[in-house]
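To start, the structure under review is shown below, and the notes come after it.
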Amino acid sequence: NAGVTQTPKFRILKIGQSMTLQCTQDMNHNYMYWYRQDPGMGLKLIYYSVGAGITDKGEVPNGYNVSRSTTEDFPLRLELAAPSQTSVYFCASSATGGLINEQFFGPGTRLTVL
Amino acid sequence: GENVEQHPSTLSVQEGDSAVIKCTYSDSASNYFPWYKQELGKGPQLIIDIRSNVGEKKDQRIAVTLNKTAKHFSLHITETQPEDSAVYFCAASKGGKLIFGQGTELSVKP
């Protein structure tokens, strides 16, 4: 199992550009999540999905969009990139969304918006 | 909503000493408290967790304690080793969504 994979590893965007961060998991997990990690701020939930076709907002969804057409893939779309979106982005998945909810994280995408 | 505070933000110990990281949470309905370890350039990885109906849990050199009345929980690492150097995050969960603390950078000096 590769677990959770993310591409790209690094990206530099100009203000106003758009891009999609890719996330794929091969563990047949129903739940998937996108977080951003800013220095000294922990991880903040952007969007999550409880299954194919179902997505919902987390703590900090503004400026982002997601889709979940398959169990395996959960891409994160940035429209009109802004410097405030400079961050490290982590995708995660879990088998359930219930009480015991071990989340498995990908290696992250480091995004800089200039 | 839930808020999780974590202290200290940095912690330096000598190899073989113990390390303690503390977290407080605000929502008394939170019922699951995991701890994640993040090594440089990698995503966080679960190292131990505790449910709200348990006061303490141990796994070899690591242990977690929970005080529901005071709404705080702690991570204890004994006999620290250089490979324990990493950033540690606590989290609180209600209904499956995790709210993370700010992280503690632990440095274990040989």
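Just so you know, all these numbers are worked out from the coordinates, no wet-lab data involved. These figures come from a predicted structure and were not determined experimentally. We place every Cβ from the backbone using ideal geometry, glycine too, and count neighbours over all the protein chains shown.
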Hits in the range B:1-35: amide N under 13 Å from the 7 Å Cα→Cβ extension of B:E79, namely B:16-18
Quick note, chain A: a/c under 1.5 would make it rounded; otherwise a/b > b/c is prolate and the rest oblate (a ≥ b ≥ c, C-alpha gyration tensor); here it is prolate
Along the range A:4-15, Karplus-curve 3J(HN,Hα) (6.51, -1.76, 1.60; θ = phi - 60°) to the nearest Hz, with x for Gly and Pro, reads 9, 10, 10, 9, x, 7, 9, 7, 10, 10, 8, 3
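All other residues with a Cβ under 14 Å from the Cβ of B:D59 taken together, and with Lys, Arg as +1 and Asp, Glu as -1, what is their net charge?
Its environment carries a net charge of -1.
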Once normalised by the length of chain B, the mean sequence separation of its alpha carbon contacts under 8 Å that are 6 or more apart gives a contact order in percent of 37
Using alpha carbon centers only, the range A:45-107 is separated from the range B:1-52 by a whole-angstrom value of 22
In order over the range B:44-61: 3J(HN,Hα) from phi, Karplus 6.51/-1.76/1.60, θ = phi - 60°, whole Hz, x for each Gly or Pro, gives x, 10, 5, 10, 6, 8, 8, 8, 6, 8, 10, x, 8, 8, 10, 8, 6, 8
Partner lysines whose C-alpha sits under 24 Å from that of B:K42, ignoring same-chain residues fewer than 8 away, are A:K9, A:K44, B:K22, B:K97, B:K109
Net charge (Lys, Arg +1; Asp, Glu -1) of residues whose beta-carbon lies under 14 Å from that of B:Q14, B:Q14 excluded, is -3
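Across the residues of B:83-96, average count of Cβ atoms on other protein chains within 10 Å?
Shielding by partners across B:83-96 averages 2.
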Fewest to most Cβ atoms within 10 Å: B:H76, B:H7 sort as B:H7, B:H76
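Which shape class applies to the range B:46-104: rounded if a/c is under 1.5, otherwise prolate when a/b exceeds b/c and oblate if not, where a ≥ b ≥ c are the square roots of the Cα gyration tensor eigenvalues?
In terms of gyration-tensor shape, oblate.
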Note, A:T112: beta-carbon cut-off 12 Å, +1 each Lys/Arg, -1 each Asp/Glu, net +3
Fewest-first ordering of B:D84, B:D59, B:D27 by Cβ atoms within 10 Å yields B:D59, B:D27, B:D84
A correct fewest-to-most ranking of A:R11, A:R36 by other Cβ atoms within 10 Å would be A:R11, A:R36
